[in-house]
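Here is the structure we will look at, set down as structure tokens.
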Amino acid sequence: METKTSKESLTILTDLVLPGETNYLDNLFGGELLARMDRACSISARRHSRRIVVTASVNHVVFSKAVPVGSVVTLEAKVSRAFKSSMEIYVDVWIEDRQSGKKTKVNEGIYTFVAVDETGKPVEIPQIIPETALEKERFKGALRRKQLSLVLAGKLKPNEATELKALFNS
Ligand SMILES: CC(C)(COP(=O)(O)OP(=O)(O)OC[C@H]1O[C@@H](n2cnc3c(N)ncnc32)[C@H](O)[C@@H]1OP(=O)(O)O)[C@@H](O)C(=O)NCCC(=O)NCCS
């Protein structure tokens, strides 16, 4: 089976927050940010698999800091692990200070995409070789997160989620 590194799927999207994309507090509307994250993850999944990809699940999103109108927002998405046809993609979201350029992390999300053929049938994809310490950490936890997502979707019995159970027994 073909292998690829995480960084080959790196996707960086930088854009502004305009007034029409904000809530009553003049901060970026959550749904708008989710859409941007989905787009970045979709491109990353496509770069990894070189196939048609669809969002299977949004596993986790943290809105840790508000993103004010006028901000320059950068999303960095990378495939953290590939399974048979599905991929976990991590997306980190940063804003930068207008004067100093200093970057602050404001959000993080974990998405699952599935590579499919023209009829929507899942197809096999290359495996991931993690390189950096962070890539290795995210790779290691990905099976546990996949099992949790499948349990929540009713596609896996809790007693079959071996990696997830091991977390509670450790
Ligand atoms: C995602 C989809 C292709 C999965 O199809 P399926 O018939 O359930 O296929 P499978 O059960 O074989 O699952 C395929 C893979 O997805 C994974 N998967 C399915 N649902 C999942 C979930 N909720 N969370 C995590 N992984 C999931 C399976 O574990 C499997 O992974 P693997 O092949 O790497 O082991 C199908 O449900 C679909 O097309 N959904 C609609 C997608 C869509 O329209 N998205 C929004 C617009 S892009």
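The values are calculated or read from the model by the stated rules, or taken from the named source; none is laboratory data. Given the structure is predicted, the values throughout are model-derived calculations rather than measurements. Don't worry about glycine lacking a Cβ; one is built from the backbone with ideal geometry, like all the others, and counts go over all protein chains shown.
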**Study point:** Among (1) assigned to a strand (DSSP E or B); (2) within 16 Å of the ligand (Cβ to nearest atom); (3) within 18 Å of Leu34 (Cβ to Cβ); (4) in contact (Cβ under 8 Å) with a residue 60 or more places away in the chain, the one test that Glu76 misses
**Key:** (2)
Study note, to complete from the structure: Val93 vs (1) in contact with a Leu (Cβ under 6 Å, 6 or more places away or on another chain); (2) within 16 Å of the ligand (Cβ to nearest atom); (3) touching a residue at least 60 places away in the same chain (Cβ under 8 Å): all pass except (2)
Review point. Within region 138-156, restricting attention to residues that are near the ligand (Cβ under 9 Å from one of its atoms) and touching a residue at least 60 places away in the same chain (Cβ under 8 Å), which residue is surrounded by the fewest Cβ atoms within 10 Å (Cβ to Cβ)?
Key: Ala153
Review point. Tally time: how many residues in region 118-170 are under 17 Å from Ser85 (Cα atoms) and of a type in the set (Asp, Glu)?
Key: 2
Practice item. Select, from Ser100, Ser6, the only residue that is within 15 Å of the chain's Cα centre (by Cα), more than 16 Å from the ligand (Cβ to nearest atom) and of a type in the set (Ser, Thr, Tyr). Key: Ser6
Review point. What do you reckon, is Thr132 over 22 Å from Glu163 (Cα atoms), surrounded by fewer than 16 Cβ atoms within 10 Å (Cβ to Cβ) and more than 16 Å from the ligand (Cβ to nearest atom)?
Key: yes
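Determine which member of the set Ser42, Ser57 is assigned to a strand (DSSP E or B) and either within 19 Å of Lys146 (Cα to Cα) or of a type in the set (D, E, K, R) (or both). Working first, answer last.
Values: Ser42 fails: assigned to a strand (DSSP E or B).
Unique residue meeting the criteria: Ser57.
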Exercise for review: Filter region 22-73 down to residues that are without any contact (Cβ under 8 Å) to a residue 24 or more places away in the chain and surrounded by 15 or more Cβ atoms within 10 Å (Cβ to Cβ) and give me whichever is farthest from the ligand (Cβ to nearest atom).
Suggested key: Phe29
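This table checks each residue for (1) at pLDDT 95 or above; (2) closer than 30 Å to Thr22 by Cβ.
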site: Ser86; (1), (2): yes, no
site: Val91; (1), (2): yes, yes
site: Gly101; (1), (2): no, yes
site: Val106; (1), (2): yes, yes
site: Phe113; (1), (2): yes, yes
site: Pro122; (1), (2): yes, no
site: Pro130; (1), (2): yes, no
